[in-house]
Amino acid sequence: MKIRVITQFTVTGADDFDAETNSLMSSLLTEEEKDPRVAEVDLNAVLSRCQVAVSLVVDAETWAEAESIANAFVRASIGNIGGVIKGQFNGRPASDSSMIASVQSTELVPA
């Protein structure tokens, strides 16, 4: 089944948030090309608040599987641009200029 997953997070530590979101969107699109389970990737950002919402459609058997795929997909995309997820530093320290995402919520709806 196809499930739309929306992940929202706040970014800290980005010197140029606009440039970081552009890089993140490029990374998301690159990852989308590699993963046949993921489609319709979109990113919305509120620049003044450093808030990001990533929306994607995941083809999965269960809601839990869709959430797991989406979380791994977004985390990989953030990592590809040198960013880190708060609490998960992938074995390396975050620099002051890194995108540090603090995931606030994930929403799943039928696509």
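Numbers below:
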quantity	calculated
Selection count, the range 40-86, where residues are over 14 Å from THR10 (Cα atoms) and either out of contact with any helix residue (DSSP H, G or I) (no Cβ under 7 Å at 6 or more places or on another chain) or touching a residue at least 40 places away in the same chain (Cβ under 8 Å) (or both)	27
Identity of the residue in the range 19-75, part of a loop (DSSP other than H, G, I, E, B) and among the hydroxyl-bearing types (Ser, Thr, Tyr), that ends up surrounded by the fewest Cβ atoms within 10 Å (Cβ to Cβ)	SER48
Hits in the range 42-68 (condition: at pLDDT 90 or above, of a type in the set (A, V, I, L, M) and under 18 Å from MET1 (Cβ atoms))	LEU56, VAL57, VAL58, ALA60
Selection from the range 1-15 of residues that are modelled with pLDDT of 85 or more and in a loop (DSSP other than H, G, I, E, B)	MET1
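The values are calculated or read from the model by the stated rules, or taken from the named source; none is laboratory data. Just so it is clear, the model here is predicted, and its values are computed rather than measured. In this analysis, Cβ positions are derived from the backbone assuming ideal geometry, glycine residues included, and neighbour counts consider all displayed protein chains.
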